[in-house]
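Please treat every number below as a calculation from the coordinates, not as lab data. This is a predicted model, so every value here is computed, not measured.
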Amino acid sequence: MIYTTKQGDEWDQIAFDQLGSEHLVDRLIAANPEHQEVVLFDAGVKLKIPDPVKKPLIVGPAPWRKVTRGS
């Protein structure tokens with residue numbers, strides 16, 4: 001996927017908006033090393049957006065681990 005910057009965009013905001021977390025900024029920069037020295041983007045810069053990080057589905061403890069209280 002490609003993202004086209006708006007005037008004043010910053011790495012962390014793009015990472016948050018496009019990848020769901022500003023903590024993924026390192027993945028975004030790694031995908032666009034030719035722009036790694038940029039702090040504030042001009043409008044119209046094309047950035048590659050890496051594939052999203054897949055989060056494991058956590059629904060709770062396994063049924064056999066549930067504690068039941070006896071009477």
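Fully extending the segment from Lys46 to Thr4 would add 14.7 nm, taking 0.36 nm per residue of separation and subtracting the current Cα-Cα distance.
Phi-derived couplings, Karplus 6.51 cos²θ - 1.76 cosθ + 1.60 at θ = phi - 60°, listed residue by residue for the stretch 22-37: 5, 6, 9, 4, 4, 5, 5, 5, 4, 6, 9, x, 5, 10, 4, 8 Hz, with x used for Gly and Pro.
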